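Remarks on the structure that follows.
The values are calculated or read from the model by the stated rules, or taken from the named source; none is laboratory data. Only a predicted model underlies this, so the values are computations on that prediction, with no experimental measurement involved. A quick note on method: Cβ atoms are made from the backbone with ideal geometry, for glycine too, and the neighbour counts reach across all protein chains shown. Ligands, DNA and RNA are excluded from the accessible area calculation, which covers all protein heavy atoms including side chains. Shrake-Rupley method; radii C 1.70, N 1.55, O 1.52, S 1.80 Å.
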Amino acid sequence: MAMKDEVKEQQQKLKGKTTREKLEYFWDYYKVHTIVALFVVFTAGIFIKDMISSKDTAFSAVVLNSYGFETQEDFQADFSAYAGIDTNAYHCLIDATSTLSLESMTQIDFAFSQRLAGMVQTNGLDAFVSDPLVFGHYAEEMLFRDLRKELSNEEYLKYEPYFYYIDAAAIEEKNKIDEAMADVSSEISATQTDPANPSAMTDPIPVGIYLDDSTKLAEWNCYANMEETPIFGFVETSNRTDISHLFLQYLTD
């Protein structure tokens, strides 16, 4: 049946019916069409809204294993104000809820490690703070910048007493051993010396800063139950290190 003939037939069926009867007929006959149309309009509306409201990210940090679940939003808002980030135009993301255990490596741990890798590879992460065990793991993976090249002279003098070091020579040796033992499970670590003692290393490189007595981390209830001192690092692939410097200043002032 041609479309015009179908329309004419429907008009004949509605002839002489009341408004209510016409609405009931319309609903019975066009119910599926109406639902589909509304769904399309609703979905398109969400898509358009997301496009209009989408914002670039001005800063992104992970404060890992800090258990700052309840204060993350206030943490983000306070730093945004400190750094002068217009949150109406840009995102300021501080993830204080994620956790990672290198020992258990559950599906949750694996999912986070994959997400972290993706953020690093796409230049989506600027600063990283974590407990010493996890920080050491990623420091060996060369995730963090050499502070000798990153910090200004003033910053270097200020933070040098709190540096976390890796031994480049030990990491190179570890990698050679790992390659030789590719088919054997290996638990060799390159961080067996004290990371705060460069004199015991062959080729020490400062890549982290211990956040001793950080009033901001305390204010946002991060690492409240951890006896060890968390460590800050500049992510190697970041293109927004200027705000990362502000974040370090924010955490240490």
Any hit, segment 175-195, residues being at pLDDT below 95, in contact with a helix residue (DSSP H, G or I) (Cβ under 7 Å, 6 or more places away or on another chain) and part of a helix (DSSP H, G or I): no
Residues being within 15 Å of the chain's Cα centre (by Cα) and touching a residue at least 40 places away in the same chain (Cβ under 8 Å) - total across segment 76-118: 2
Qualifying residues in segment 218-253 (those that are hydroxyl-bearing (Ser, Thr, Tyr) and under 18 Å from residue 149 (Cβ atoms)) - the one most open to solvent (accessible area, probe 1.4 Å): 237
Residue satisfying condition, being closer than 28 Å to residue 139 by Cα, open to solvent by 80 Å² or more (accessible area, probe 1.4 Å) and at pLDDT 90 or above, within set 114, 72: 114
Search result, residues across segment 123-167 that are open to solvent by 30 Å² or more (accessible area, probe 1.4 Å), touching a residue at least 12 places away in the same chain (Cβ under 8 Å) and of a type in the set (S, T, N, Q): 123
Hey, residue 215 open to solvent by 70 Å² or more (accessible area, probe 1.4 Å) and among the β-branched types (Val, Ile, Thr) or not: yes
Some residue of segment 216-225 being assigned to a loop (DSSP other than H, G, I, E, B), in contact with a strand residue (DSSP E or B) (Cβ under 7 Å, 6 or more places away or on another chain) and at pLDDT 95 or above: yes
